[in-house]
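Written below as structure tokens is the structure these notes are about.
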Amino acid sequence: MSQVKVVALNIASSKQAKLPPVLSTIRQQAKSQLKELINNLFNNTDDALFELADRSQSDQQQEMYFDSMRIVRLHRKAVTTSFINHFSQSFEEILRKPAEPLVSDELEEEPTNYTLLDQDELEMSVAVAGIVSKVTSHYSLAIMQLTKRLDSLIQYQTLSERTNPLGPNALSTLFADCLENLDVPIKVRIILMKLFERFVMERMGTVYDQANQSLINADVLPDLRKTHKTQSRQAPPSPAAVEQMPLPTNQQGSAVNNNTSGFTFSTVQSLLAGSRGGEGYQGQGGGNGEFTGHTTSPSMNFNELVQTLSQIQLQANAVAINTSEVPQLSDIRHLVLNNAPGHESSSLAQADDDAVNFVGMLFDYILNDKNLAIPMKALIGRLQIPIVKLAIIDKSFFEKSAHPARTLLNELSSAGIGWSGAKELKRDALYNKIESVISRVLNEFNQNPEVFVSLLKELRAFVSKDNRRSVLVEQRVKESETGKAKTNGAKATVQALINQKACGLRLPSSAGRFISETWSRVLTLRCVKSGEHADGWMAGVATLDNLLWVLQPLSELVAVERRDSMVDSLLAEIDAGMTELGCQTEEIIEFTKWLEEHLVTLSKNDRAYLEEDERPELDLPLNVVEEIILTTMKPEDTKPIEPEFLAQIKALTEGTWVEISQENSQPLRCKLTTVTVPGHNYIFVNRRGMKVFEKTRMGIATLLKDNQLKIIDESQVFDRALQSVIGNLRQMQRDRS
């Protein structure tokens, strides 16, 4: 029977930390919920594997699925127990005081075990990355707030979304580790990871909400309404009254029906009425209209208004998109009244006027949002008219944070976060897809909001497929850069070692070249493959020591005898090292023959000298130069980084999108994919996952100091706009009171 090993994670063995009561409560609640979700996952595994077996095109493949089904059944309890136990321990781990760093904050190191992944590990790593990306996007505000609240309780460490024990990265990595020793093919493990995403991670909304609520009840950062960092799709908290209304924020599942929030269209009208002091508001759709008295003209009825907006909507779709410029905000009120039947005597009902003005304010914010690329503003700006029409038709648009139209706006801005300028979009399939979605909204949205549902589903499917490719490319970039950094670090280690050991010694020129050009590469290869504590590395260093020693004149006959006895083993070690390096046979024979002959001559010289005979002439140079220079990476500038910029650099985590200003070029939008160790090189990729930028830590500090690097706010564009507009209207109320 196959056996499954309970995975042993890197949990410190120090005395167990005592959890604060609120953390203990959160852990207990989460353990119970996670256990239920994991059990549900395994309950559905049989069906998934049986269906795959049923569709198999070969007996061998079918047998593989049935065998895997049996193994999973046998070991589901062990995997579940391992997962829950290590999840529980992860809470204690974040409270422990970390070991003292060996270097200063300016040069803090990270673990250096960056052995390149094999294909199976790469596939699992990509699966984890995909889950993290999707779940972070779906629950990002709740995760961000939970992370900040947990971090405020921790004394010795800084908790990030990546290290949050309830975060998608920690949970997905833990489950992948628990599957590592399950004796099933990698194909089945990937299937289990997909089931984990579907039956566990996509249902974490309640877990996050309960954890946040427990912390709020314990008075741990209860007011995070002004904090927004990453994408979210959740409902804003309910106001007690408009006067005390918090700025809208979103938390998955925080309200009844997973949508409604207490922020209603009547709230919008109350804010607008308060801002205009009870007077009419002659909005121009941009959020900066003039306050006037009520009009006396008859109001347009519902059908007239919707038909007029539909006509304007179709006209707008006929205008070509200019992705190189920020579009102008449309004066919807003016357009409607000028295109309405009998427009000379028409006006808008107060409710319709409020909807037009409020949506205009939202789009005014969006088109001035520095976090959006200009091409995305050009596209989203075209949705102002259909969103106004939707707000008039469906007032739940203001009430439901998960309304498909709002979610579509957020998905559009998230998908195009990596766009820098119009030139790069000519052959971009994602741009073509988004442009198609925008065009279809303008063409197909008449009065049925269901068009937003179908387009949202279609866009998500396309983006998910597009992201899978970029995640794989990005993972390969990370592996390549990690391997390169490790190689450069190994070269630096070997150079320092050789310079230390060879400094001041008398060496023949042939030996000096061999050590600097050949044996240094042998040591570098072994350092990269196995590290500095492996047997191969230590044997290579011992060979270097022996080579340096036998090449020196000796002052005792017993030492000469020892050297003569070492020749055969030394030549064998050098032969093995050069063969491992891939040297040509002729090159190996040439050097070992020279070394053997030289050592024979050297021994004769030493014996003659010690026996007071005439000393023979040898090819012995003066002292070797102080350093044998090898080709290595340039060391990072070790000048202290100013605390202000050091703090910003520490906040720059993997997955963060930034905009980098470049001389004589448009700004570059890219994502931090990894920070290499050693070297502290910050590697950035574009939205396709390809490397586009690299800087040292000091280089990043310089960019920050010169205001050439800006972190892009990844929170949902509609939610940012809603927060800003509500905040401004509320401030106007206060200023008038």
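The values are calculated or read from the model by the stated rules, or taken from the named source; none is laboratory data. Note that the structure is a prediction, hence the values are computed from the model and not measured. Neighbour counts are summed over all protein chains in view; Cβ atoms, including those assigned to glycine, are modelled from backbone coordinates with ideal geometry.
A compact table of results
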quantity: Test for Gly727: is it out of contact with any helix residue (DSSP H, G or I) (no Cβ under 6 Å at 6 or more places or on another chain), of a type in the set (Gly, Ala, Ser) and not assigned by TED's automatic domain parsing to the domain that holds Ile417; calculated: no
quantity: Residue list for the range 307-348, restricted to those being touching a helix residue (DSSP H, G or I) at 6+ places or on another chain (Cβ under 6 Å) and among the hydrophobic types (A, V, I, L, M, F, W, C); calculated: Leu309, Ile312, Ala316, Ile321, Val326, Leu329, Ile332, Leu335, Val336, Leu337, Ala340
quantity: Complete set of residues in the range 51-68 that are surrounded by fewer than 19 Cβ atoms within 10 Å (Cβ to Cβ) and either of a type in the set (Asp, Glu) or at pLDDT 90 or above (or both); calculated: Glu51, Asp54, Asp59, Glu63, Asp67
quantity: Filter result for Leu505 (under 29 Å from Arg607 (Cα atoms), surrounded by fewer than 16 Cβ atoms within 10 Å (Cβ to Cβ) and in contact (Cβ under 8 Å) with a residue 12 or more places away in the chain); calculated: yes
quantity: Options Leu525, Leu548; residue that is closer than 16 Å to Asp575 by Cα and assigned to a helix (DSSP H, G or I); calculated: Leu525
quantity: Residue check, Val567 part of a helix (DSSP H, G or I), at pLDDT below 90 and among the β-branched types (Val, Ile, Thr); calculated: no
quantity: Identity of the residue in the range 136-153, modelled with pLDDT of 85 or more and surrounded by fewer than 22 Cβ atoms within 10 Å (Cβ to Cβ), that ends up nearest to the chain's Cα centre (by Cα); calculated: Thr147
quantity: Residues of the range 420-462 satisfying the condition of being assigned to a loop (DSSP other than H, G, I, E, B) and either surrounded by fewer than 22 Cβ atoms within 10 Å (Cβ to Cβ) or out of contact with any Ser or Thr (no Cβ under 9 Å at 6 or more places or on another chain) (or both); calculated: Ser420, Gly421, Ala422, Lys426, Arg427, Asp428, Asn446, Gln447, Asn448, Pro449
quantity: Of the criteria (1) in contact with a helix residue (DSSP H, G or I) (Cβ under 8 Å, 6 or more places away or on another chain); (2) of a type outside the set (Lys, Arg); (3) assigned to a helix (DSSP H, G or I), which one Leu554 fails; calculated: (3)
quantity: Test set (1) buried (at least 21 other Cβ atoms within 10 Å of the Cβ); (2) free of Cβ contacts under 8 Å to residues at least 60 places away in the same chain; (3) of a type in the set (Lys, Arg) - Lys389 fails condition number; calculated: (2)
quantity: First in the range 20-39 and more than 16 Å from Asn164 (Cα to Cα), second anywhere and part of a helix (DSSP H, G or I) and of a type in the set (Phe, Trp, Tyr), Cβ under 8 Å, 6 or more apart; calculated: Leu37/Phe199; Ile38/Phe83
quantity: Options Lys491, Lys478, Lys484; residue that is over 30 Å from Lys134 (Cα atoms), touching a residue at least 40 places away in the same chain (Cβ under 8 Å) and charged (D, E, K, R); calculated: Lys491
quantity: Qualifying residue in the range 131-147 (condition: aromatic (Phe, Trp, Tyr) and in contact with a strand residue (DSSP E or B) (Cβ under 9 Å, 6 or more places away or on another chain)); calculated: yes
